[in-house]
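Data block below; observations after.
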Amino acid sequence: MEFHLPLRVYIEDTDAGGIVFYVNYLKYMERARTEFMRTLGFGKAAVGNNGLMFVVSEAHVKYRRSAQLDDCLDVSANLSKLGRAGMTFYQEVYRGGELLCDGDIRIACVDCETRRPKAIPDAMRAALAAQTVSQPSGTHTD
């Protein structure tokens, strides 16, 4: 399943020149992953109630073009790899048909108290496995 989240660029996302500040692309990707999980029935509260947290353990991002104030963006969240205690998303940010930014974001599942790796619960893992796309990670480096 390819998940897409439409977003608009607001003044708070930009620098003095009206260009999106680079770190905000990571925020956009975070929002898309969060909404992807919510569509599977795993909102932030559901994850926290299981004593889990999902944290970014790696991010490989390529910035290709700049988004600007008031642009309408489309942010994808495609689960490309699912492991026992983590997953990797391949994500893209588009403006119309133009690719602005893409990358592989590795997410680790950790225990809320110990912050140590913890296996993704079986029900969540099954739901995620059904959504994994067969796109290999690392395709953003070209």
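Every number in this text was worked out from the coordinates using simple rules, so none of it is lab data. Owing to the predicted nature of the structure, the values given are computational and were not obtained by experimental measurement. When we count neighbours, we look across all protein chains shown, and the Cβ atoms used for this are built from the backbone with ideal geometry, even at glycine.
What to note about this one:
- Cross-link reach is defined here as a Cα-Cα straight distance under 13 Å, omitting same-chain residues fewer than 8 places apart; for LYS62 the aspartates and glutamates meeting it are GLU92, ASP102, ASP104, ASP142.
- Using alpha-carbon coordinates, inclination of helix 23-39 to the longest axis of the chain, degrees: 50
- Amide hydrogen neighbours beyond the local backbone of LEU73, cut-off 5 Å, H modeled: LEU7, ARG8, VAL9
- Trypsin sites (Lys or Arg not before Pro) restricted to the stretch 27-90 and DSSP loop, no more than 16 other C-beta within 10 Å: ARG64, ARG65, ARG84
- Applying the criteria of a DSSP loop state and at most 16 other Cβ atoms within 10 Å to the GluC sites (Glu not before Pro) of the stretch 1-93 yields GLU2.
- Extension gain from LEU99 to SER57, taking 0.36 nm per residue of separation minus the Cα-Cα distance: 12.7 nm
- When the alpha-carbon atoms of the chain are used, the pair Rg, Dmax equals 15.5, 47 angstrom.
- Under 5 Å from the amide H of CYS112 lie the amide H atoms of LEU52, MET53, each residue being 5 or more positions distant or on a separate chain, with H modelled from the backbone and absent for Pro and chain starts.
- Dipole check for the stretch 3-134: with +1 at the C-beta of Lys and Arg, -1 at the C-beta of Asp and Glu, and the Cα centre as origin, the magnitude is about 500 Debye.
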